[in-house]
1. For the chain, give me the percentage of DSSP beta bridges that are antiparallel, rounded to the nearest 5 percent.
2. Scaled to the compact-protein estimate 2.2 N^0.38 Å, what is the alpha-carbon radius of gyration of the chain, rounded to two decimal places?
3. Give the cross-link partners of LYS13 among the aspartates and glutamates, using a straight C-alpha distance below 16 Å as the criterion and excluding same-chain residues fewer than 8 apart.
4. Could you work out how much longer the chain between VAL182 and GLN37 gets when fully extended? Use 0.36 nm per residue separation minus the Cα distance between them, nm to one decimal.
5. Note the full-extension length gain between ALA202 and ASN219 as 0.36 nm times their separation in residues minus their Cα-Cα distance, in nm to one decimal.
6. ALA122: net charge of surrounding residues, Cβ under 13 Å, Lys/Arg +1, Asp/Glu -1, itself excluded?
7. What would the Debye formula give as log10 I(q)/I(0) at q = 0.14, 0.22 Å⁻¹ for the alpha-carbon point model of the stretch 1-102, no solvent?
8. Rank these for me by crowding, THR234, THR84, THR94, THR145, going from fewest to most other beta carbons within 10 Å.
Amino acid sequence: SSKNLHYKRVILKLSGESLADSGGRGISGEESGQIAQQIKSAHQSGCQIAIVIGGGNILRGGQFSGANALVQEATAHYMGMLATVINSLAMQDTLESIGLKTRVMSAVPMDKMCETFIRRRAIEHLEKGRVVILAAGIGNPFVTTDTAAAQRALELDADVVLKATRVDGVYNDDPEKNPHAVLYESLTYDEVIQKNLRVMDATAIALCNEHAKPILVFNFKKDGNIVKAINGDTVGTWIGS
Ligand code: UDP
């Protein structure tokens with residue numbers, strides 16, 4: 001029953017790459033299907049779930065503008081936001097195909113395809129048991145969907161930002177390059193900033209720090225970890241004050 005729940009409401013931040021096959025491009029039915037199944041199991045325990053999806057499997061503004069000098073950086077960021085909408089629509093149908101009720105809410109109005117993000121309406125959807133998929137980040141260029149996850153966690157009063165990554169949490173060095181990198185069990189925001197640890201972008205960390213919104217960084221590739229993270233089981237690296 002819901003009174004035993006660890007969290008009432010969470011923001012799950014999925015990178016665009018999490019929807020792709022290894023290699024990280026495009027959208028894989030198998031990968032997104034597995035994520036959807038886990039979201040369904042976690043949702044059955046009664047937790048309200050809002051998902052922020054990135055767009056890196058299609059395009060990241062900062063990288064694209066660097067490689068394509070004719071496209072202005074702001075334009076490239078808008079392109080990245082559109083990529084998150086593509087992923088959000090894919091995830092919507094994937095979740096609905098296994099019986100979940102969902103709403104896509106875009107920070108940039110796109111009323112033929114999805115709703116526009118309105119805070120009070122998003123909360124209403126969550127309270128009615130719909131999984132809310134937050135598309136187009138915060139709708140402004142020069143940030144990433146990490147910032148959107150932090151921003152939405154604050155305004156939707158989520159208990160935690162669950163940041164899904166492909167490593168087990170936050171390490172003192174890049175674990176994909178350094179086999180001796182050490183995993184942290186927990187960190188304060190100050191430690192993340194002082195040690196210059198790559199957790200989420202700086203704006204996201206600053207927002208969470210200022211409002212004491214905890215972040216859990218965990219490995220979504222390990223079977224069952226999304227369910228564990230949403231249920232509040234011990235997994236990954238906890239960041240709080
Ligand atoms: N983006 C943006 N504003 C936002 C969110 C995203 O301009 O509020 C752009 C930005 O260029 C970003 C891209 O959309 O690189 C895709 O999002 P992100 O890099 O966060 O995707 P992920 O790495 O999580 O797949």
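1. Values: 4 of 32 bridges.
Looking only at bridges with both residues in the chain, the antiparallel portion is about 10 percent.
2. Numbers: Rg = 16.8 Å, N = 241, 2.2 N^0.38 = 17.7 Å.
With N residues counted in the chain, Rg over 2.2 N^0.38 Å equals 0.95.
3. Counting by Cα, and skipping residues close in sequence, LYS13 has these aspartates and glutamates nearby: GLU31, ASP146, GLU155, ASP157, ASP159, ASP168, ASP201.
4. Details: separation 145, 0.36 × 145 = 52.20 nm, distance 3.07 nm.
Full extension from VAL182 to GLN37 adds 49.1 nm.
5. Numbers: separation 17, 0.36 × 17 = 6.12 nm, distance 2.07 nm.
4.1 nm is the gain from fully extending ALA202 to ASN219.
6. Numbers: positive: ARG9, ARG103, ARG119, ARG120, ARG121, LYS128, ARG130, ARG152; negative: GLU115, GLU124, GLU127, GLU155, ASP157.
Every neighbour counted, the sum reads +3.
7. Normalising to I(0) and taking log10 leaves -0.59, -1.08.
8. On the way: THR234 10, THR84 29, THR94 22, THR145 32.
With the sparsest Cβ surroundings first, the list reads THR234, THR94, THR84, THR145.
Every read-out reported here was derived from the displayed coordinates using simple, explicitly stated rules and does not represent laboratory data. Just so it is clear, the model here is predicted, and its values are computed rather than measured. Methodologically, a virtual Cβ is constructed for each residue, glycine included, from the backbone with ideal geometry; neighbour enumeration extends over all protein chains shown.
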